[in-house]
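Asker: One structure follows; several queries about it will come next.
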Amino acid sequence: MARGKHLWFNGKIQAVAETQVSLFTYGLHYGMGAFEGIRAYEQNQGGIAIFRLDDHIDRFIQSFKILGFDLPFVKKSLIEACIDVCKKNQFKSSYLRPIAFIGDGPLGLNVGENPPIDVAVLNWEWGDYLGEEGVKNGTRLKISSFTRPHVNSVMTKGKITGQYVSSVMAKREAILDGFDEAIFLDPEGFIAEGSGENVFIIRNGEIKTTPLTSVLAGITRMTVMDYFKNKGIPVKEARFSRDELWCADEVFVCGTAAEITPVREIDRRTIGEGKPGPVTTQLQKDYSQIVRGEVPQYGSHWLTKV
């Protein structure tokens, strides 16, 4: 993972090595922050473009609004910050991480009315999040012993820093148990999502994904649903149980980091034929072309040139 040597912090590009954040930062103590994950891709016709930047920045702003505060920078400035960071670090393809958090101020659970807010954009090179083997031949998942929190326990529509502790613990549990990734159940026992991905199943010709009642509205999830809609293939948003997941013909997870990753095994049960299925394989191929500007149908409104 090659890290960019420059970042954008509170309105200007500066060297990572010269950036300092106080140990009294409120977000460090209490998890009061929000972030985004965005990918920039080298384009087939040359140059670099950021995929669905506008949608990601909208969600970034909304995530901080969920915490009860407005970001001190407007959307246009945040979009320009992402572009400027990509230009400065000169990666061909990279991952962008906008992050905002309550800064250095009084500590204690009363955050106050007008706390200091810091905003940064970092980027780095990031390959296959769930591993090259998983992307090529299918990844291995397990149902986590941790439950996706209730919608009134955490705010499920925000990418809020402190809320990802449960995802870190679930991911670590899965890896220590010999798997690649974890899947959360919701408080009523239905499939929710991965530690950082949305889940889709294909069974008897029907494509299904968890409704947005208790999961993050993933940008890649939106992309997948638009893709199938444009092909005239319906996607059903409905709850499903773990045994239905085990019996699926195909399963894949998707997210900005994970992109489109097929699943070959869940809880030591083989999914389908134990390899990426035809629907997932075609989606994976087409998604790779879409993000690299090879499908004009999607290019103009989903790709922001750097």
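Asker: Can you tell me which of 173-179, 200-206 comes out highest on packing, and rank the rest after it, using the mean Cβ neighbours within 10 Å?
Answerer: For the peptides 173-179, 200-206, the packing ranking is 200-206, 173-179.
Asker: Just from its helices, what would the mean residue ellipticity at 222 nm be for the chain, if runs of 4 or more DSSP H residues each count -39500 (n - 2.57) and the sum is divided by every residue, rounded to the nearest 500 deg cm²/dmol?
Answerer: Dividing the helical sum by the residues of the chain leaves -8500 deg cm²/dmol.
Asker: Here's something else I'd like to know. Rounded to the nearest 20 Debye, what is the dipole magnitude of the chain about its Cα centre when Lys and Arg each give +1 and Asp and Glu each give -1 at the C-beta?
Answerer: Computed charge dipole of the chain: roughly 400 debye.
Asker: Next up: Find, among the GluC sites (Glu not before Pro) in region 100-143, those assigned to loop by DSSP (not H, G, I, E, B) with at most 14 other beta-carbon atoms within 10 angstrom.
Answerer: When the GluC sites (Glu not before Pro) of region 100-143 are filtered for loop state and at most 14 Cβ neighbours within 10 Å, 113, 125 remain.
Asker: Going by Cα centres, region 101-170 and region 172-230 are how many Å apart?
Answerer: Between the Cα centres of region 101-170 and region 172-230 lies a distance of 16 Å.
Asker: Further question on the same structure: Note down the nm distance, to one decimal, between modelled labels 7 Å out along Cα→Cβ at residue 305 and at residue 233.
Answerer: Result: 3.2 nm between the two label points.
Asker: Over 27 Å between Cα atoms, which of 136/229; 92/229; 159/305 qualify?
Answerer: Those over the limit are 92/229.
Asker: Obtain the nm distance between the two label points defined at residue 104 and residue 269 by a simple spin-label model: each point lies 7 Å from its Cα along the Cα-to-C-beta direction.
Answerer: Distance between the two pseudo-spin positions: 5.3 nm.
Asker: Among 79, 130, 168, whose Cα projects farthest towards the positive end of the dipole of region 66-174, with charges put on the beta-carbon of Lys, Arg (+1) and Asp, Glu (-1)?
Answerer: 130
Asker: Place the peptides 278-287, 235-244 in order of packing, highest mean first, counting for every residue the other Cβ atoms within 10 Å and averaging per peptide.
Answerer: So the order, starting with the most tightly packed, is 278-287, 235-244.
Asker: Go through region 226-232 residue by residue and turn each phi into a ³J(HN,Hα) via Karplus (6.51, -1.76, 1.60, θ = phi - 60°); whole Hz please, and just put x for glycine and proline.
Answerer: Whole-Hz 3J(HN,Hα) from phi for region 226-232: 5, 4, 5, 4, 5, 8, x.
Asker: Please work out whether the chain counts as rounded, prolate or oblate from its C-alpha gyration tensor, where a ≥ b ≥ c are the square roots of the eigenvalues and a/c under 1.5 means rounded, while otherwise a/b larger than b/c means prolate and anything else oblate?
Answerer: Working: a/c = 1.88, a/b = 1.31, b/c = 1.43.
Taking the square roots of the gyration eigenvalues as a ≥ b ≥ c, the chain is oblate.
Asker: How high is the FRET efficiency from residue 114 to residue 175, r the C-beta distance, R0 30 Å, rounded to 0.05?
Answerer: The value I calculate is 0.15.
Bear in mind that the values in this text are calculations on the coordinates, not laboratory data. Being a predicted model, the structure only gives us computed values, none of them experimental. For neighbour counting, all protein chains shown are included, and Cβ atoms are generated from backbone atoms with ideal geometry for every residue, glycine included.
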